[in-house]
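Here's the structure, in structure tokens; my notes come after.
Every number here is computed from the coordinates shown, using simple stated rules; none is lab data. Since the model is a prediction, treat every value here as computed from it, not as a measurement. Backbone-built Cβ (ideal geometry, glycine too); neighbour counts: all protein chains shown.
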């Protein structure tokens with residue numbers, strides 16, 4: 001960056017409540033990493049770096065700031081990992097992005113997992129370049145002291161970090177700027193912070209396997225990642241966007257999405273960064289202790305999580321300090337909003353510190369200030385982008401009749417939550433008829449019954465447990481529902497209420513021909529949905545409007561998206577390999593479709609949820625709360641995002657899936673099956689839009705007549721009272 005260049009925006013006040021500390025073994029790590037990089041062939045003769053480049057980057061300083069408490073050998077090993085990952089990035093840029101040579105880049109990436117075997121005794125190939133040589137050496141030095149569970153998680157994070165370089169390469173080739181949701185998701189993988197979190201475990205304490213996959217630990221890692229990446233985007237905007245022509249930068253993404261100035265986009269990025277750190281703290285203080293108790297962790301295991309959490313905090317403050325000192329970044333005027341640093345600065349008055357503290361408190365409290373049950377009037381419905389044609393099953397009318405009979409048999413219409421009028425207002429058979437227009441009558445019935453069961457449950461949790469403010473009963477309900485889904489032939493729970501009866505019935509009929517692995521996948525999808533309802537209830541009891549990123553990601557779970565996708569995939573048999581479903585393009589396609597449907601639902605259900613139910617989990621309300629704007633302005637943001645998610649679906653379909661066919665060398669049968677799955681997603685979106693437009697569930701007239709609440713004299717008993 002030329003010294004004479006003017007910064008494109010003034011850096012904002014950063015929320016950083018943790019002091020940066022420097023590891024005393026810095027010089028040892030610097031010296032070791034220089035010799036290690038030379039030994040791996042990364043310096044003289046590599047064509048990528050000279051020793052002067054490595055010294056200027058000073059990854060030893062980065063690691064000494066971000067891992068202040070580990071010993072000398074551990075700091076040296078961690079520094080070697082960072083030298084390797086930055087060398088990989090520069091090597092990939094020089095060899096494949098500048099060309100650009102996609103085929104060669106993919107071949108290079110495909111070999112790297114071979115150097116990360118879960119069993120260190122497994123032979124690995126001979127390295128063909130410094131990237132492979134460095135990875136082989138680092139893996140062999142790191143994994144002996146870590147569990148197989150950690151190795152698996154860290155290898156996946158490393159593969160994501162490497163493979164999503166292809167996503168950046170594709171966007172550069174097309175001159176494409178991602179939408180905000182896509183960007184946050186992909187930045188986690190490309191930016192490498194989940195990978196960094198794995199090295200925090202190495203430096204501090206390993207996360208117990210029993211909780212490593214739970215929501216609280218996932219949110220700790222994801223909020224850490226988002227804050228690290230968004231901070232980097234602010235510091236690196238000038239170098240990346242103005243100097244290098246890069247388009248993967250959060251400030252540029254928001255500039256483009258909102259059509260605002262660079263300064264306004266930078267301030268918004270910082271607001272999101274702050275919100276992610278607040279979410280980190282909220283999760284660490286409320287959700288982590290709860291999951292530790294739920295999983296029965298020992299004191300030593302709980303202490304390990306505390307050390308890991310502190311390690312992530314150290315990384316935040318240390319990374320910030322490195323950005324402020326590094327010549328690599330735009331850092332003129334950079335300062336955190338941290339009183340412990342401001343107190344020692346010249347000219348900082350007590351009044352200024354008080355104002356900053358008041359501002360930070362106001363930001364944190366904003367999420368808790370919504371007044372529920374405000375009268376908002378009928379939902380405003382904009383024009384929705386829908387490029388796919390609606391088709392309806394010819395068996396719709398009969399499915400409606402059979403759904404009523406099934407709901408009575410299960411007791412869904414006898415518990416005081418629903419009656420036939422409410423079931424008819426939801427018309428779930430209409431939704432199924434659009435989702436799967438070619439279904440047999442039996443398949444259509446099963447689909448409609450799953451939708452009715454899930455929609456009933458979504459109404460049941462806030463009405464039964466929320467009105468009674470009984471989180472313990474909600475957790476018991478969720479645990480019992482999980483027991484209604486046996487995987488290995490064990491007997492199902494004896495059902496005690498309508499939700500349990502419905503799930504036992506649906507599970508038995510749906511899984512009759514499934515393998516154990518397919519049952520496990522489906523069970524996990526249902527568990528994800530029911531557990532997300534407890535998350536919603538917890539926020540409701542705190543009167544807490546969720547963080548925007550956390551909301552969008554949890555919305556997929558509360559909407560039952562994993563359940564829908566599991567059922568769709570199983571309809572296409574084994575012709576599509578599992579690794580194709582796990583690939584970036586397919587996940588991107590799915591998430592775009594899911595978000596389109598979820599945001600669509602929030603727009604239609606705004607009056608129902610905000611005015612009649614006192615709900616906090618609605619994207620329009622989340623935007624209102626976060627940006628401090630009115631309903632029409634927030635609706636405009638959500639509608640724009642809905643449109644962009646549909647456009648992303650179309651983009652992946654046109655540009656990324658054809659490449660995926662070639663990358664995985666899919667057979668004709670595999671391509672046909674994947675095309676059928678894409679058609680299912682298209683039908684899903686078209687059917688859901690049609691359903692929202694036609695049903696009474698979200699219409700002002702019906703809501704005014706049937707304001708949500710228990711049916712007269714029919715409030716259901718709690719499940720805990722039904723269990724002997």
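Things to note:
- Computed E for residue 128/residue 479 - FRET, C-beta separation, R0 51 angstrom, nearest 0.05: 0.50
- When both segment 216-290 and segment 506-540 are represented by their alpha-carbon centers, they are found 32 Å apart.
- Neighbour-count order for 365, 112, 413, fewest beta carbons within 10 angstrom listed first: 365, 112, 413
- Shape parameters for segment 529-676, alpha-carbon atoms, Rg then Dmax in Å: 17.7, 53
- Efficiency of FRET between residue 119 and residue 239 - r from beta-carbon atoms, R0 35 angstrom, step 0.05: 0.25
- Sequence-distant contacts, meaning Cα pairs under 8 Å at least 6 residues apart, place the relative contact order of the chain at 15 percent.
- Ranked for footprinting exposure by Cβ neighbours inside 10 Å, fewest first, 375, 106 give 375, 106.
- Length available on full extension from residue 306 to residue 258: 0.36 nm per residue minus the Cα-Cα distance, which gives 13.4 nm.
- The chain: angle of helix 498-510 to the longest principal axis, Cα-based, in degrees nearest 10: 80
- Between helix 516-542 and the chain: long-axis angle, C-alpha atoms, 0 to 90°, nearest 10: 90
- In this rough spin-label picture, where each label sits 7 Å from Cα along the Cβ direction, the residue 514-residue 543 distance is 4.1 nm.
- Residue order for 149, 630, fewest other beta carbons within 10 angstrom first, comes to 630, 149.
- Rounded tilt (10° steps) of 584-604 against the dominant C-alpha axis of the chain: 50
- Residues listed by number, segment 428-461, amide nitrogen under 17 Å from residue 398 label point at 7 Å toward C-beta: 429-430, 432-434, 436-449
- Counting 0.36 nm for each residue step from residue 496 to residue 706 and taking away their Cα separation leaves a gain of 72.8 nm.
- Calculated FRET efficiency for the pair residue 294/residue 469, C-beta based, R₀ 30 Å, to 0.05: 0.95
- With each label modelled as a point 7 angstrom along the Cα→C-beta vector, the residue 371-residue 405 pair spans 5.1 nm.
- Counted residue by residue at 0.36 nm each, then reduced by the alpha carbon distance between them, the extension gain from residue 630 to residue 149 reaches 168.5 nm.
- Inter-centroid distance (Cα atoms) of segment 422-453 relative to segment 184-214, Å: 40
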